[in-house]
Each structure stands twice: as structure tokens, then as C-alpha cells.
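Beneath this line is the structure, given in C-alpha cells, with notes to follow.
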Amino acid sequence: MAKHRIALIGGDGIGPEVVGEAVRVLRALSRAGRGPSFAFTSFPWGSDFYHKTGRMCPANYLDLLRPFDAILLGAVGRPDIPDHVTLNQLLLPIRRGFDLYVNSRPIVLYEGLESPLKGRKAGDIDMLFFRENTEGEYSPIGGRHYQGFPEEVAAQVALFTRRGCERIIAAAFEASLKRKRHVTNVTKSNAQGHTLVLWDEVFAGVASRPRYRKVKTAKYLVDAAALEFVRRPDRFDVVVSTNLFADILTDLGAAIVGGLGVAASANTNPARTAPAMFEPVHGSAPDIMGKGIANPVAAILSAGLMLDYLGEEKAAQRIEGAVRGHLAQGNRTRDLGGTAKTKEAAADIIRRL
């Protein structure tokens, strides 16, 4: 049996806590018999590393990570370091450096979770979001001039390429073939008449391919999409959008299915030219760091997405099934209305494996 090589970056705040519990679940799965085998290597990168070295990670971090099959990341960021430093010295460079242009985020209302939306029950909300992950509004192009003077100018360039738009949109259409064959396009092309008009044109081109002739489509401006997420979330299945808009909408999506504590994500490149990275959507939550009350579900579900990517579909299904059982019947963590500590919640999921 192949042994999967996994790089662990706990990062900051509650990151090491939830990654530790995800690893505990993976090890339990491996011990359970006929499960996948793992070789874990931890990297102590993050804010503590920054205070010691002036960097969030060593200069050769991509070379160190490249031999691995996948990366499991906890969280990045802490109040004592500006967010734009932590993000742009670790997380975003990994996404760009390994060309992990697909950021996929499931948004599912599981049994046992309560949506703030009136009348919504388990299964009513089930969408898969595709976020463009390497360019768009988060492109590192721009600068500041005359800093500190009244004439100060700041420019941030949103870079959209035909290739970048086409490949993320095609990934969304491919995923739709295994779901309800419906893809929603979210942009703001009425106001952004260059970049997002290009995006819309590319979307129409991909939708017209013979392979996708049975896939239905819909289009929303991002403000209207936010409204419909709250009013009628059941009309969405596969959704594709830009780096910024998808970042915002998926947090809204998490809010309507129980919160960020159950929101998982995957950063992948279908060509598999480099290790993919898997991470919970939630941040480092420094206010609860070290208290043992963080919800490990998002990290554990992210580990499940990692298993699916590694070709361990049955193992991935076992993890999702155990999480579903935990959320439906187990003692959940405080953010979900329960009293369980981090380790207790993970132990309940392990018991259900």
C-alpha cells in the first residue's frame, strides 16, 4: 500500500490545534484496517517563525514542500503582525507558486446543524463553490506612491487572463457533471467592463462546448447572488466566481450552514504538477487559542477532501460519514451549541469511523 507524504503547517492561533486533531483522525483511520497509510512532516512556519527570522517561512519553502503529495494547513495570521504580511508571505505564495488555481469549497447544511435561514433543514443547502485562486483581484500588482503626503496614491491591479478564467470555469463545469449539471456564474460585469466582461465571454464559450451541452447555467451579479444566498440558497449547485467575490460569498455560505467551524476547502491543480493544499476556511481565532474549544470539524473535513484528491475515495467517505454522525447526534463544540472540547469532538468522530 502506498504511503501518502503529507506536509503539516499548523500555522497560527488555533491552526496547530485543529490540524493536530485532523491528523489524529487520519491516524485512527489508518489503524482501522485497510485504511490509507501516511508519513507526516511538520513545518513550524507562521507568526512565531516570523518573529525569529523576519519571514513567515524560509526562502526555499516551495522546494521543501514540493516532494510531498499534499499539504494540510491550519491557519495563518495573528494580531501582532499585519494581515497583508502573513497572507502574502505564506498562504498566497503557496497557491501561486504551485499554481493551485482551483479553490473548491463545499457548502452543506448537515443534519444537526441549524441554519439562521427560516425553514431550512438538512439537505436544503448543498452547493460546491469554485473560486479562482491565483489571479484576479488578489494579483500582487500595484503600489503606493507619495506615502504619507496628501497626494498619496495607491493602486491595486486586478489581473484576469483568458487562460486563468477558462481553466477555473472549465473545472466548475467538470464538477457539475457529477452533480446536478447546473453551474452559476457570479461576476460584476455591469460595473467592471473589461476584466469581468472577459470572464463572462469565457464562461459563455466554455458553456457552449459539446461536452457540457446538458449543463444548465445561470448568471448573477455578486450583489444579487448575496441576496439569493439568503433568500433561495437551494437554487445554487455548482457556483464559480472570482478570487475576491468567491472569498466573500463562501463566508456567507458558511454562515447559512452553521458557521466557519464546518467550512472546509481544497486548493488544487487538476494537472497535479505540485502538491495540493487543504485548509479549513476559518482563521486563526487568536481569542480562543489554547483554550481547547476550537471546532476541529472544518480541518477534519479538509483532511477528507485531501483523501479524495489522493484517490482514497472510500476513506474520504468514511470521514465524511463520521462527521455527519457527529454533527447529527454527537456532542458538538460550543460554536455549534454543544459543550464538547476540541479533543472530545475529534474523539467522537474517531469513534464513529
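Considering only segment 306-319, state which residues are surrounded by fewer than 24 Cβ atoms within 10 Å (Cβ to Cβ) and either outside the structural domain of GLY74 (by TED's automatic domain parsing) or assigned to a helix (DSSP H, G or I) (or both).
ASP308, TYR309, GLU313, LYS314, ALA315, ALA316, GLN317, ARG318
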**Asked** Within the set of pairs 6+ apart or on separate chains, which have a first residue in segment 1-17 that is closer than 13 Å to GLY290 by Cα and among the hydroxyl-bearing types (Ser, Thr, Tyr), a second that is surrounded by 24 or more Cβ atoms within 10 Å (Cβ to Cβ) and modelled with pLDDT under 95, and C-beta atoms under 9 Å apart?
**Response** none
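Identify all residues within segment 192-204 that are closer than 18 Å to GLU132 by Cβ and either in a loop (DSSP other than H, G, I, E, B) or aliphatic (A, V, I, L, M) (or both); write none if there are none. Before you say what the answer is, go through the steps one by one.
Our first condition is that a residue be closer than 18 Å to GLU132 by Cβ; within segment 192-204, this holds for 192, 194-204.
Correct list: GLN192, HIS194, LEU196, VAL197, LEU198, VAL202, ALA204.
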**Fill in**
Residue count, segment 32-56, condition among the hydrophobic types (A, V, I, L, M, F, W, C), surrounded by 15 or more Cβ atoms within 10 Å (Cβ to Cβ) and over 23 Å from the mean Cα position of the chain (by Cα), comes to 1
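So for segment 77-96 (the condition being more than 21 Å from ARG272 (Cβ to Cβ), polar (S, T, N, Q) and surrounded by fewer than 14 Cβ atoms within 10 Å (Cβ to Cβ)), does at least one residue qualify? Even if it seems obvious, please write down each step before you answer.
Taking segment 77-96 first, the residues more than 21 Å from ARG272 (Cβ to Cβ) are 77-90.
Those left that are additionally polar (S, T, N, Q): 86, 88-89.
Within this subset, residues satisfying the condition of being surrounded by fewer than 14 Cβ atoms within 10 Å (Cβ to Cβ) are none.
No, because not a single residue in segment 77-96 is more than 21 Å from ARG272 (Cβ to Cβ), polar (S, T, N, Q) and surrounded by fewer than 14 Cβ atoms within 10 Å (Cβ to Cβ).
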**Asked** Just for strands (runs of 3 or more DSSP E) wholly inside segment 124-173: which have at least 1 residues that are in contact with a Gly (Cβ under 6 Å, 6 or more places away or on another chain) and on the phi < 0 side of the Ramachandran plot?
**Response** 153-156
**Asked** Hey, among LEU64, LEU117, LEU128, LEU109, which residue is farther than 25 Å from ASP12 by Cβ, at pLDDT 95 or above and over 19 Å from the mean Cα position of the chain (by Cα)?
**Response** LEU117
**Request:** Scan segment 244-283 residue by residue and report those that are of a type in the set (Ser, Thr, Tyr) and part of a strand (DSSP E or B).
**Result:** SER265, THR268
**Complete set of residues in segment 205-234 that are within 22 Å of ARG120 (Cα to Cα), without any contact (Cβ under 8 Å) to a residue 24 or more places away in the chain and part of a helix (DSSP H, G or I)** = ALA224, LEU227, GLU228, ARG231
**Prompt:** Only one of (1) surrounded by fewer than 21 Cβ atoms within 10 Å (Cβ to Cβ); (2) not in a loop (DSSP other than H, G, I, E, B) fails for SER115. Which number is that?
**Reply:** (2)
**Test set (1) at pLDDT 95 or above; (2) within 23 Å of LEU249 (Cα to Cα); (3) out of contact with any helix residue (DSSP H, G or I) (no Cβ under 9 Å at 6 or more places or on another chain); (4) part of a loop (DSSP other than H, G, I, E, B) - SER189 fails condition number** = (3)
**Request:** Would you point out the residue of segment 337-350, among those that are touching a residue at least 24 places away in the same chain (Cβ under 8 Å) and assigned to a helix (DSSP H, G or I), that is surrounded by the fewest Cβ atoms within 10 Å (Cβ to Cβ)?
**Result:** LYS343
**Asked** Take the residues of segment 131-155 that are polar (S, T, N, Q) and within 24 Å of the chain's Cα centre (by Cα): which is surrounded by the most Cβ atoms within 10 Å (Cβ to Cβ)?
**Response** ASN133
**Prompt:** Taking the condition more than 23 Å from VAL323 (Cβ to Cβ), within 12 Å of the chain's Cα centre (by Cα), surrounded by 21 or more Cβ atoms within 10 Å (Cβ to Cβ) and in contact (Cβ under 8 Å) with a residue 60 or more places away in the chain, does ALA246 pass?
**Reply:** yes
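The values are calculated or read from the model by the stated rules, or taken from the named source; none is laboratory data. Everything numeric in this text was worked out from a predicted model, so none of it was measured. Because the Cβ atoms are built from the backbone with ideal geometry, glycine has one as well, and the counts that use them run over all protein chains shown.
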